Structure formats: structure tokens, C-alpha cells
Amino acid sequence: MPDFLRRAGTALVLLALLLAGLFLLPPGGVALMMALIVGIGGYEWARLCGFNPHLYAGLVVGTLFALFWLAVAQPVLVIATLFWLVAAPAWLWVGVKPAHRPALWAAGFVVLVPAALAMVVLRPLEALLVLAVAWIADTVAYLAGRRWGRHKLAPAISPGKTWEGAAGGLIGAAAYAMIVSIFFAGAQASRMAAFIGAAALLVVVSIVGDLFESAVKRQAGVKDSGALLPGHGGMLDRIDSATAILPVAAAISMARVVT
């Protein structure tokens with residue numbers, strides 16, 4: 001119970017800060033908030049991969065500000081989407097190893113920077129609705145896995161995850177997508193199907209993001225990326241799913257606007 005209370009308390013504080021930042025700050029202020037988050041994430045990533053953490057964190061933050069100033073979010077989001085849909089699953093299949101650390105140096109930028117850009121590109125309510133997909137899927141997957149989990153999803157990477165839990169997360173996200181569709185697009189079947197399909201894609205991507213960060217920790221021989229957040233570990237432990245779903249959701253949203 002004390003661990004649960006620490007986790008819950010930390011989550012509530014983070015949620016309050018996130019909501020205040022999203023809805024009260026201008027885009028530049030949101031970019032500064034994201035720079036703080038990915039700077040910490042970059043520091044932790046560098047420690048996991050054996051790089052200079054201060055230098056790496058500075059490069060990540062500098063890259064974010066440069067891309068924000070140049071206003072070139074769309075190609076960056078497309079690259080990140082391809083990474084999470086193609087490269088990351090293939091990498092997980094092969095296995096993330098210490099010998100891959102030169103590639104992990106570049107991967108850290110793809111993991112962290114596009115997600116931060118997505119938070120600036122998406123409207124505040126859009127960003128919150130997208131993040132809720134990961135939160136709901138994670139919660140339902142945990143409960144379903146505890147109750148019915150029998151078959152391991154990726155035992156060599158994350159022994160606690162099960163196929164039953166993943167299915168529960170998909171069902172929970174589908175129910176959430178139906179509710180969102182009714183509120184924002186009506187109950188028309190085609191629109192609801194589109195919402196459910198998008199939610200299912202984001203859940204799959206969120207699982208890939210979670211597993212990829214776990215694999216990076218495995219190659220470093222550690223359980224948590226840090227100890228910054230009581231009950232959660234490090235910043236990367238808290239944002240692993242978000243780093244994957246945010247750029248994919250933002251790329252979908254920008255493509256929808258263009259068409």
C-alpha cells in the first residue's frame with residue numbers, strides 16, 4: 001500500500017503539472033516544459049547507454065529547440081512513426097544489445113524529440129485524449145494481466161507482460177475510443193470504427209514503446225531508468241509509452257488536416 005500511495009501521489013502531481021502546462025502556457029511555454037522532460041529523459045538514456053549524460057541531454061534539448069524554431073515538425077513525426085511501426089519492432093525481434101549502443105545514440109533522439117514536438121503540435125485537448133489512450137490501456141492491461149494473464153508477451157524483455165493483459169488493454173482502449181467518438185464525432189458507425197482503429201494502433205505502438213525502453217534497460221542491466229519519481233523510477237519509466245504514441249498520433253492528425 002505505501003508503494004501504491006507513492007505511485008498514485010506522484011502520478012497526481014505530474015498530471016496536475018501537465019494539465020496546467022498544456023492549458024495555461026503558450027506553445028513556446030509548452031516547448032520549454034517538454035524541453036525539461038526530454039532533457040531529463042536524455043540524461044537517463046545516456047546513462048543507460050554509456051554516453052556522457054550532460055552532453056547528451058544538452059544535445060537533445062538543443063535539437064528540440066532547433067526543430068521548434070525551424071517549424072519542421074511533420075517530417076520529424078513521419079520519421080518517428082516509421083521508427084515505431086517498423087524499426088523498433090524489428091530491433092526488439094533481433095534483441096537490443098550493448099553492442100548496439102552507437103545505434104542507440106541516434107535512437108534516443110528519435111525516441112525523445114518527436115514526442116516533445118508532438119505535444120507542441122497537438123492541441124491541448126488532443127494531446128490529453130491521446131495520452132489517455134496509453135493511461136487507460138496500461139491500467140486495464142495491468143488489471144487483466146493480474147486476473148487472467150497466463151501467456152507471456154515478451155518474457156526475455158518484460159516478464160510481467162502477458163497476451164491477456166495486452167488484449168485487455170486493447171478492449172479498454174476500444175471502449176474509450178467509442179466514448180470519445182460519441183462525444184466528438186457522433187455515433188456514426190464509420191467514424192466510430194475510425195476512432196477504434198486509431199486507438200488500437202496507438203495501443204500497439206504504446207506496447208512497442210514500453211518494450212523498447214525495457215529492452216534498453218535490460219542491455220544496461222538495470223530495472224529502472226532512474227530514481228527521480230517516487231514509486232515510478234525515472235522519467236523514462238514514466239513516459240515510455242507516451243514517447244511512442246504521441247508522434248504517431250500527431251502524424252495522423254496532421255495528415256488528416258492536410259487531406
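The values are calculated or read from the model by the stated rules, or taken from the named source; none is laboratory data. Since this is a predicted model, take the numbers as computed values, not measurements. When we count neighbours, we look across all protein chains shown, and the Cβ atoms used for this are built from the backbone with ideal geometry, even at glycine. Note: accessible area is taken over every heavy atom of the protein model, side chains too, but ligands, DNA and RNA are not part of it. Shrake-Rupley method; radii C 1.70, N 1.55, O 1.52, S 1.80 Å.
You will find that of VAL60, VAL94, the residue that is closer than 24 Å to GLY221 by Cα and open to solvent by less than 70 Å² (accessible area, probe 1.4 Å) is VAL60 and no other. Being open to solvent by 60 Å² or more (accessible area, probe 1.4 Å), free of Cβ contacts under 8 Å to residues at least 60 places away in the same chain, among the aromatic types (Phe, Trp, Tyr) and part of a helix (DSSP H, G or I), is that true of even one residue in the range 11-23? So far as the range 11-23 goes, no, none of its residues is open to solvent by 60 Å² or more (accessible area, probe 1.4 Å), free of Cβ contacts under 8 Å to residues at least 60 places away in the same chain, among the aromatic types (Phe, Trp, Tyr) and part of a helix (DSSP H, G or I).
Going through the range 155-179 one residue at a time, which ones are part of a helix (DSSP H, G or I) and open to solvent by 20 Å² or more (accessible area, probe 1.4 Å)?
TRP163, GLU164, ALA167, LEU170, ILE171, ALA174, ALA175, TYR176, MET178, ILE179
Considering ALA116, ALA141, the condition of being within 17 Å of the chain's Cα centre (by Cα), buried (at least 16 other Cβ atoms within 10 Å of the Cβ) and farther than 19 Å from ALA250 by Cα is satisfied by ALA141 alone.
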